[in-house]
Each structure stands twice: as structure tokens, then as C-alpha cells.
1. Let me know the charge dipole size of the chain about its Cα centre in debye, to the nearest 20, where only the beta-carbon of Lys, Arg (+1) and Asp, Glu (-1) is charged.
2. Using Cα positions and a limit of under 17 Å, work out the aspartates and glutamates in reach of Lys59, with same-chain residues fewer than 8 apart set aside.
3. So for Cys30, Cys322, what's the accessible-area order with a 1.4 Å probe, most first?
4. So, for the chain, what is the accessible surface per residue at a probe of 1.4 Å, expressed in square angstrom?
5. Ignoring ligands, DNA and RNA, what percent of the accessible area of the chain is carbon or sulfur (1.4 Å)?
6. Beyond a 32 Å Cα-Cα separation, which of these cross-linked pairs lie in this structure: Lys118/Lys198; Lys112/Lys162; Lys118/Lys162; Lys64/Lys279; Lys234/Lys262; Lys64/Lys281?
7. Which value in deg cm²/dmol, rounded to the nearest 500, describes the helix-derived mean residue ellipticity at 222 nm for the chain, given -39,500 (n - 2.57) per DSSP H run of n ≥ 4 and division by the residue count?
8. Suppose every K and R has +1 on its Cβ and every D and E has -1 on its Cβ; what is the size of the dipole of the stretch 4-121 about the Cα centre, in Debye to the nearest 20?
Amino acid sequence: MSYKHTQFWNVDKLEAEETSSPAITEAGLCISEGETVAFPTETVYGLGADATNDNAVDKIFKAKGRPGDNPLIVHIGNVEQWGDLASVIPEMAQTLADSFWPGPLTLIVPKKQTVSEKVTAGLSSVAVRMPDHAVARALINAAGVPVAAPSANRSGRPSPTKAEHVLYDLDGRIAGIIDGGDAGFGLESTVVDCTGEKAVILRPGGITREQIETVLGTINVLETGKTSDSEAPKAPGMKYRHYAPSSPLFLVDNEMEEVIAKERLAGKKIGVLAVDEHKTKWEPLVDLFIPLGSVDNLSDIAAHLYHHLRLADESKVDVILCETFSKSGVGSAIMNRLEKAASSS
């Protein structure tokens, strides 16, 4: 599928909050007519289409090259739309929505039969979230339909946090892109399965386990975050390699110097992603050093992680080495994405 021209709209966040923007109206009409539009959220840029239109949803999968058994998250602009998607809203799901919506939290609940099986990959549940981004909610409300929206990148690539990332991956493959500036948190939403007796975190993200436990008490976490090859994933990011640059990425704990020396002996051009505090240690030893941010500010590292992975990839190094992080708080989401992106995963 190709488009002669991918429409590009510049929309200021304040403009979306205060006015009926002509650009938002035009982009919303585009979605309501069955086309795909990329748009900013507080996590990453999403590729949106009418979640009630099978043909429109197909365009998402084709543009991204996404496997058909990988379900999509449905984005809503107001709480009333939730009832149009869920056959029942469990008490724990309602508690989480009341506490963290709008925000980077996706809730999996039993679906209504009216929800497209293409969106849910044939599952009996649907993943729903309300984004905390004025442009995103304005677009969804302008479209007048719930919007299915995975990240707006080629499947498997680092997710986009800037409109230019979307353009690089999907220009000519989608109908339009709304440029609303950089995404906020920079990593995808936390996904919580609310279809069982107890809530389970399937993917860490913008809402941490510690935050969720303040309202639900102790919560289970799917430690591997991955399903078997024969099992249908219940949420995005559970089965296939994700977020990966083209060059092989390896995670290094405490042996960075030894790994650099080994790769250098093999004649490889080496890139290293590490915290700012380690720049003077590793930069002289490698061909490319990309500072990720301070070890004392994991939120900043999360916000720019995908951009830094893309920068490393654009440099055409032979191998990318990346330091690891503690899995507490935001570090859990950072490590989840890095482990999915690593060549050893």
C-alpha cells in the first residue's frame, strides 16, 4: 500500500486544548473515512485508524508490516467510549482507570462482540487506554470513533517519539501525520490484564508497578513479558522482537571494557549507549558514544531512549553496546524495551 503524498499537519498542544483546530478536524475526518493518521501521545507516536472498521485496521497492519496475531490498543477520547468496547468493566479496572486515566495505562477487559477481531487478534478481550495528550484526545473526539493505534513505526523498529521518526519509517505508507512536538514519557503505556481474578502487569510502562500497588495492593507481573511461539499474545510486545535498531544491540552489565576489547579485536565499528557519568570512561574506546542521560534521572533516559537507539542505528556502526539499569520504578520499562530490542532476545 502506498500514498502519493502523506499529509503533514503541525498542531500545537495548546491549540488542541483551546480551539477547534482545522488540522485536527481534517485529520479526524481522515480517520472517520477509513484512513490511517499518525499522532502524538504522552508515550510515543501512534498510528491510528477507526477501530470499528476492518478495512481501516488492515491498513495499520500493512503499513507497519505487523503480524496479524499481535493485538492493537484502542484509544478513547472520553470515558463514555469505554462502555462501547467492554462487555464488562471489572472493579479493579475501574479503580485503575479512576486513578490513572487519562494517562499511560492500558487496561485489558472483556470485549463486546462489536469490537473488530482484527483489533483484538481474535481474543475475547480488548486493550483500552485514554491518552493524556490534548492532541490525541482532540483527534479521537474529532474522528467520532475509538481509534486503534500501535506505535507509528515499521514493525520491530524503535518506536517514534518525534514526527520525523514517523516520516522516516512510514512516509508514503500512511495518509497523514500530525506533528504535535516530542512525545512525553517516551516509552509505551503500562499494560494491565484485568480479565482474571487478580490484575497482572503484562508490560511495564509509564505507570509503575509501585504506583499501581498504591491503589490495588500487591500485583502480579508477567516476569518474562513474552509468550511462546504457538501462543497468541494478549498485549503488544509479548511475542515478537520489538524496538530494535538494524545493527545488533547487546546489553552489557559489568564487563563493558572486556566486551569492547573483544569487538575491537573482531574489527568491528562499535557504538556505546551509556549514562552521562560514564562518558569519559567509554568514549575514548569506541567509534561512537551516545550519552543516555544521568543515572539519577531515569525518566529523562526513558523519554529519549528510542531517539538514541535511532541515532546509533543511523551511524552505521557494526555493533551497539548498551549499559543496563535497575528494574525498579521506571527502570523496569527501560529494561523491558532494551531486552526486547537486544539481539540475544
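The values are calculated or read from the model by the stated rules, or taken from the named source; none is laboratory data. Since we're looking at a predicted model, the values are computed, not measured. Note that each Cβ is placed from the backbone with ideal geometry, even for glycine, and that neighbours are counted across all protein chains shown. These accessible areas exclude ligands, DNA and RNA; they are computed on the full protein's heavy atoms, side chains included. Shrake-Rupley method; radii C 1.70, N 1.55, O 1.52, S 1.80 Å.
1. The calculation lands at about 980 debye.
2. Candidates past the 8-residue exclusion: Glu33, Glu35, Asp50, Asp69, Glu117, Asp169, Asp171.
3. Ranked list, largest accessible area first: Cys30, Cys322.
4. 41
5. Answer for the chain is 47 percent, counting heavy atoms of protein chains only.
6. From the list (Lys118/Lys198; Lys112/Lys162; Lys118/Lys162; Lys64/Lys279; Lys234/Lys262; Lys64/Lys281), the Cα-Cα distance tops 32 Å for Lys112/Lys162; Lys64/Lys279; Lys234/Lys262; Lys64/Lys281.
7. So the helix-based figure for the chain works out to -9500 deg cm²/dmol.
8. Roughly 560 debye for the stretch 4-121.
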